[in-house]
Amino acid sequence: MKPIRRFEGVVAPLLRANIDTDAIIPSREMKRVSRHGLSEGLFAGWRYLDVDERRPDPEFVLNQPAFEGASILATGPNFGCGSSREHAVWALQEYGFRAILAPSFGAIFERNCFNNGVLPIRAEADALDRLLGDLGSAPGERLLTVDLENQRLAWGDGQSFAFEVPEVQREMLLNGWDPIDRTLQYGADIDAFIDSDRKQRPWVYDRG
Amino acid sequence: MARTLFDKLWDLHEIRPLDEGESLLAIDRVFLHERTGSIALTTMAEEGRSVRDPKRVFCTMDHIVDTFPGRGDETLMPGGTAFILATREAARNAGIQLFDIGDPRQGIMHVVSPELGIALPGLTVVCPDSHSCTLGGIGALAWGIGSTEAQHAMVTGTLRVSRPRNMRVRFTGPRPPDVTAKDMILHLIGRHGADGGSGYAVEFCGEAISDLSVEERLTLCNMAVEFSAFTGLVAPDERTIDWCRGRPYAPGPDLQQAAEAHWRELVSDPEAVYDRQIEVDARQIRPSVTWGTSPQHTVALDGQVPDPASVGNPDTRAAMERALAYMDLAPGTAMADVAIDAAFIGSCTNARLSDLRQAAHWLQGRRVAQGVRAVVVPGSSTVKREAEAEGLDRIFEAAGFEWRESGCSMCLYAGGETFGPGARVVSSTNRNFEGRQGPGTRTHLASPLTVVASACAGRLRAADWPEAVSA
């Protein structure tokens, strides 16, 4: 996993509540047993006037020139609710998104983000409104700095606000650690737990 | 210290804390399907890792597989066969049990796992599928995860989990005889919002919950994720224990007594403290249906499409307007005046034997209205066989329903089968999101009983036969 420490990027607003993972990537866009090739399907139901011909809808935020190359998505509460499909995160990531700002996230989606090195940042709706209102509308004025080390978002002439990411996740992202490798370091604890649990709940391991 | 059921399940599985609020939990069962399990298995193999204990990992074909009679590996969904073949090969290489196409045990994962006794009270069960919370209905601690976490669970036998808070939802009073578990959960989400359970493990209790059959509890907990809960739970009771007894993977004779004694301890202490409590008067619940594109867009069947203009919050109003435009409905329209094009019974929510019995019971001697396409897809191959043994298939077919093989089918559109753009479907499924059942398809979530009643009326309609509920 690629570490995330500090980066600057264009922020694109998609301020709707309850954007579900079916909307982020419709099931029909998950065409292969792969984590790749998914960015074309990102928001496919909204992004294209004609999905089959991939004819872009110029009204959709990501199709507007000001948001070209956006790497930060600002969105509404409960973003990523619904289906557990990790493809939603893979599609956002492949498109270029590295951080998502929202008042809240679907729980499975949020875990999937951390596990793939995409940073979900919880920000109150009014703080997000202020931030977006502060940024200018010209292409060069949509820039935001995400600083995970100091847990701060910064923009303009020194404006900023603090955010918080659980410490375990922050460490994981800053170092680009693989969660499975990290967990395997607790191998002795896991073995000891299973040995003792097997005596307490034998039917879990063998139906008898 | 007094503990909730959730606290007890957490403590039983906690290997060690990792940091404030996060622990390493032992995972007792992993269940996969060909849609998201395939990538977990293939990535695991590519990374040179293997399953720690293959006996405790299972896989089924449900999401992509066709449900037409005589189906094989070919799928209507473009490219679907590749998922099926990849899953079959990866499951074989991983040494895990696969319930393949043609296997008499095949079916929708959340129907199959309790039916076979793979999910049991007190077990932690995870699947790369958001409706894993279904299994809370028998008192398992079960939740949906991503494919990467599925790989983590298979390889390490554990997961890193942030501890959710405790919520109790108490349904007081007896429910009216025509109200099903589906109506109860839709009512709750309608009242408290699609994110009302966010950050919580939700325990359902109260008279109207104890009164539910085990299968109804599975229906109730199935939609805990539509409430944005980490999971839903109902404490196991004698009904649960009887229901689990003798299932193929349930504890055998030597261990049955010890297991059942353990399950009887899985209840919240009377003094246990919850972070949030909700009371719902079950007597006030009426058969319900969704009007919009979120499960919180719920209304009673004798109610009307709500008016966004009556809502103060501009974001909520905008979302309602968007939903009405997608659903092609006008505020103030009586739900009973909404004409439908299709009726669907299926999914991990409402396609168990008791659902099919109840629907068929009402349907006996009636006909689906002209112009309405009606489909019933049993939740598992076992459910299908049992339903056929009782003659339910003949009742459905005589009424004009198509009778299918088991799978997720049209609960979700994956590029294959759909009722079509603009089609209005009354559906026993769990998600009414835009495009969920196909581009432009309009979904009204309801109970199987409402689905059959609506199919016959050609319009959204509650069943006028309350005795049917106790089937």
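Each reported figure results from applying straightforward, stated rules to the coordinates on display, with no laboratory input. All values reported here derive from a predicted model rather than from experimental measurement. Positions of Cβ are backbone-derived with ideal geometry, glycine not excepted, and every protein chain shown enters the neighbour counts.
In this structure the amide hydrogen of B:Gly252, modeled in the peptide plane, comes within under 5 Å of the amide hydrogens of A:Gly208, none closer than 5 places in sequence on its chain.
Shape of segment B:1-97 from the C-alpha gyration tensor: prolate (a/c of 1.5 or more and a/b above b/c, with a ≥ b ≥ c the square roots of its eigenvalues). Here the Kirkwood formula, the inverse mean of 1/r across different C-alpha pairs, assigns segment A:140-195 a hydrodynamic radius of 14.1 Å. Mean per-residue shielding of peptide B:43-54 is 1, counting Cβ atoms of other chains within 10 Å of each Cβ.
Overall form of segment B:337-471: oblate. Here a/c, set by the Cα gyration tensor axes a ≥ b ≥ c, is 1.5 or more, and a/b is not larger than b/c.
Entry note, segment A:29-100: relative contact order of 40 percent, from Cα contacts under 8 Å with a spacing of 6+ residues.
Taking the Cα centre of chain B as reference, the dipole from Cβ charges on Lys and Arg (+1) and Asp and Glu (-1) amounts to some 360 debye. Over all orientations, segment B:293-400 has a Cα convex hull whose mean projected area works out to 8.1 square nanometres.
Over segment A:80-186, with a single point scatterer placed on each C-alpha, what log10 of the ratio I(q)/I(0) does the Debye formula yield at q = 0.09, 0.15, 0.17, 0.21 1/Å? Summing over Cα pairs of segment A:80-186 leads to -0.26, -0.71, -0.89, -1.24. Over all Cα atoms in segment B:95-169, the spread is summed up by Rg and Dmax: 13.3, 42 Å. Basic side chains Lys and Arg get +1 at the Cβ, acidic Asp and Glu get -1 at the Cβ, and with that the dipole of the protein assembly as shown about its Cα centre reaches some 720 debye. At each listed q (0.10, 0.11, 0.15, 0.18 Å⁻¹), what is the log10 of I(q)/I(0) that the Debye formula gives for segment B:205-361 modelled as equal alpha-carbon point scatterers? Debye curve over Cα of segment B:205-361, log10 I(q)/I(0) at q = 0.10, 0.11, 0.15, 0.18 Å⁻¹: -0.55, -0.65, -1.04, -1.31.
For segment B:133-191, the spherically averaged projection of the C-alpha convex hull amounts to 6.0 nm². Just to confirm a number: summing +1 for Lys and Arg and -1 for Asp and Glu over residues other than A:Ala107 whose beta-carbon lies under 15 angstrom from that of A:Ala107, what do you get? Residues close to A:Ala107 contribute a combined charge of -2.
Note that segment B:303-313 has calculated 3J(HN,Hα) couplings of x, 10, 5, x, 9, x, 4, 7, 9, x, 5 Hz, one per residue in order, obtained from phi through the Karplus relation 6.51 cos²θ - 1.76 cosθ + 1.60 (θ = phi - 60°); glycine and proline are x. Per the Kirkwood formula applied to alpha carbons, segment B:73-221 shows a radius of gyration over Rh ratio, Rg over Rh, of 1.01. Note on chain A: with charges restricted to the Cβ of Lys and Arg (+1) and Asp and Glu (-1), its dipole about the Cα centre is near 480 debye. For the protein assembly as shown, what does the alpha-carbon gyration tensor say about shape, rounded, prolate or oblate, given a ≥ b ≥ c as the root eigenvalues, a/c under 1.5 as rounded, and a/b over b/c as prolate? Because its axes are fairly even, with a/c under 1.5, the protein assembly as shown counts as rounded. Across all Cα pairs in segment A:6-56, the calculated P(r) in 10 Å bins from zero up to the longest distance comes to 21, 44, 31, 4 percent per bin.
Each of A:Leu49, B:Leu218, A:Leu135 has some number of other Cβ atoms within 10 Å of its Cβ, and from fewest to most they run A:Leu49, A:Leu135, B:Leu218. Relative contact order of chain B: 17 percent, from C-alpha pairs under 8 Å at least 6 residues apart in sequence. Taking the Cα atoms of chain B, the ratio Rg/Rh between the radius of gyration and the Kirkwood radius comes to 0.95. Rounded to the nearest 500, what is the 222 nm mean residue ellipticity of chain B from helices alone, with -39500 (n - 2.57) per DSSP H run of 4+ residues and division by all residues? Dividing the helical sum by the residues of chain B leaves -9000 deg cm²/dmol. Extending 7 Å from the Cα toward the beta-carbon at both A:Gln159 and A:Asp134 defines two label points whose distance is 0.5 nm. Distance between the pseudo-spin-label points of B:Gln364 and B:Asn93 (7 Å out from Cα toward the beta carbon): 5.2 nm. Rg and Dmax of segment B:201-291, based on Cα coordinates, read 15.4, 51 Å. Which residues' amide hydrogens lie under 5 Å from the amide hydrogen of B:Ile15, considering only partners 5 or more residues apart or on another chain, with H built in the peptide plane? Answer set, sorted by chain and number: B:Leu24, B:Leu25, B:Ala26.
When Rg and Dmax are taken over the Cα atoms of segment B:281-330, they come to 11.6, 33 Å. Here the Debye sum runs over all C-alpha atoms of chain A as equal scatterers in vacuum, and log10 of I(q)/I(0) at q = 0.11, 0.17 Å⁻¹ comes out as -0.58, -1.17. Placing pseudo-labels 7 Å out from each Cα toward the beta carbon at A:Trp177 and A:Arg122 gives an inter-label distance of 2.1 nm.
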